[in-house]
Each structure stands twice: as structure tokens, then as C-alpha cells.
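Please read the structure below before turning to the comments.
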Amino acid sequence: MNVRIDNEWRERLAEVWQSAEFAQLAEYVRAEYSRTTVFPPAGKIFAAFDICPFSKVKVVIIGQDPYHDIGQAHGLAFSVPKGILFPPSLRNIFKEISQDLNTPPPTDGDLTRWAEQGVLLLNSSLTVRAHTPASHSTIGWERVTDAAIAALSAGREHIVFLLWGAHARRKAELIDRSKHLILEAPHPSPLSASRGFFGCRHFSKTNEYLTTHGIEPIKW
């Protein structure tokens, strides 16, 4: 199946795109967009891959599924377009960045600026029905996104994987710890951020690791 996605990712995940399982997933997703409201906009489903090609990835941040309210999701995990109020988890991410790096918090929630520097903001599920969290969590997206994580682990070196919360931490089994850095913490949600996300210092630790390996750090 011809998938409209960055060429590097198209090649790296060719086996996935050509599978019967992906054909079924694509058919289901097309039907969902035709019969109900689904986020992100269809043209943004693969935005994380398009903005951050395989060879440019320095950091991977794994979310669960897109925001499910109107105007929030635009294809990047935890990110919202400029002008949209910060969701609680994003607000806590910015709070940790400010405390960790001793910088003022960002003024908008559009994390495209991170993606353009090499941060793959990858949700496990790439679509969701409006106002229905995790509604597409069992339709097959994880075959795609897990394959992407595994491909990065096997084909690259010195990537930092930020795994926040139990769902993301389960992805650690896909990653070769001898080649990459895995940083784990509770999810930045208000329900768990105070149990170890605050104070994790993942942003400074990420930049220290990248710098040690001769890689340009991220301007968070």
C-alpha cells in the first residue's frame, strides 16, 4: 500500500505498509473518518514521521493516543497548535522543563519546534474518535508505532527514549539499552506527576547524553 509519509520512514517500515494487517487498519481508519469525527485531521496522521525523518531522530517521546477534544491534536504527541490552552500533562511537562533548565516556560504548546530538532513525538495510536479517549487503541496502530521504535533501536545509535507512564515504559523491551539511553518516569498527568515526574530532570539528562556523544542538544 502506498502510504503518504516521509520517504525514509516509508522505506524503513515497508514490511508494515505491505502487510494485510495494515490494509485492514487503513480501511477501518478511512471508514471512521467518513462516519464520525476523528482526530487529528487526516493529513496530520503521520506528522510526527514527516517532520522528524528516521535519520534525524535524536530523542523519542512516547504518548498514548492523540488529544480527543476539538482543535488540540495535530499529529505530535503531547503537542497542541499555537493558541490552544495547554492540556494538563503538557503544562506539567513545561513546568518540569522550567525547573530542570532554570528557564521561563514556553508561551505556546506547539512542539513542532522540538520535532524539527529531532524529537520524534510518537503516540502509540495515531488516531482517536472525538471525545473518546483510547477509542482507537486496539485497531492496530501499535503494530506501526512499535515497528518504528524497533527500527530506530536496530538502525540507529545514541537515541534518548523518554518513557513516561506504564504504557510508554512497556516499550522498553523494544529498545537496545546497549546502544541507546532509556529514561523512565511516571506520566506527567496531574494524577501521577508528583510521584516522580517532577524532579526527573529528563530534559537536562537528555542533553547531557547527546552532548557526550557529539550530538547537538535540544533547545527545549
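The values are calculated or read from the model by the stated rules, or taken from the named source; none is laboratory data. Computed from a predicted model, the values in this text were never measured in an experiment. Heads up, the Cβs are rebuilt from the backbone with ideal geometry, glycines too, and the neighbour counts pull from every protein chain shown. Ligands, DNA and RNA are stripped out before the accessible areas are found, and what is left, the full protein with its side chains, is counted by its heavy atoms. Shrake-Rupley method; radii C 1.70, N 1.55, O 1.52, S 1.80 Å.
Okay, here's what the table says:
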{"item": "Inter-label distance, nm, simple model (7 Å from Cα along the C-beta direction), Ile70/Ser178", "result": "5.4"}
{"item": "Karplus (6.51, -1.76, 1.60) ³J(HN,Hα), θ = phi - 60°, over the range 179-189, in Hz, Gly and Pro reported as x", "result": "10, 9, 9, 10, 10, 10, 7, x, 5, x, 4"}
{"item": "Residue-span extension gain [His167 to Ala31] - 0.36 nm each, minus C-alpha spacing", "result": "46.2 nm"}
{"item": "Centre separation in Å (Cα based) which lies between the range 14-45 and the range 96-145", "result": "19"}
{"item": "Amide hydrogen neighbours beyond the local backbone of Ile215, cut-off 5 Å, H modeled", "result": "none"}
{"item": "Under 18 Å from the Cα of Lys219 - aspartates and glutamates, other chains or at least 8 residues apart", "result": "Glu96, Asp100, Asp108, Asp110, Glu116, Glu208"}
{"item": "Linear extension gain, Lys219 paired with Arg201, 0.36 nm per residue minus alpha-carbon span", "result": "5.0 nm"}
{"item": "Value of [θ]222 nm, deg cm²/dmol, for the chain, DSSP H segments ≥ 4, -39500 (n - 2.57) each, nearest 500", "result": "-10000 deg cm²/dmol"}
{"item": "Accessible area (Å², per residue) of the chain, counting only protein heavy atoms and a probe of 1.4 Å", "result": "47"}
{"item": "Lys, Arg +1 and Asp, Glu -1 on Cβ, resulting dipole of the chain about Cα centre, debye, nearest 20", "result": "320"}
{"item": "Which listed pairs, of Lys82/Lys205; Lys44/Lys82; Lys58/Lys82, have C-alpha distances above 20 Å, in listed order", "result": "Lys82/Lys205; Lys58/Lys82"}
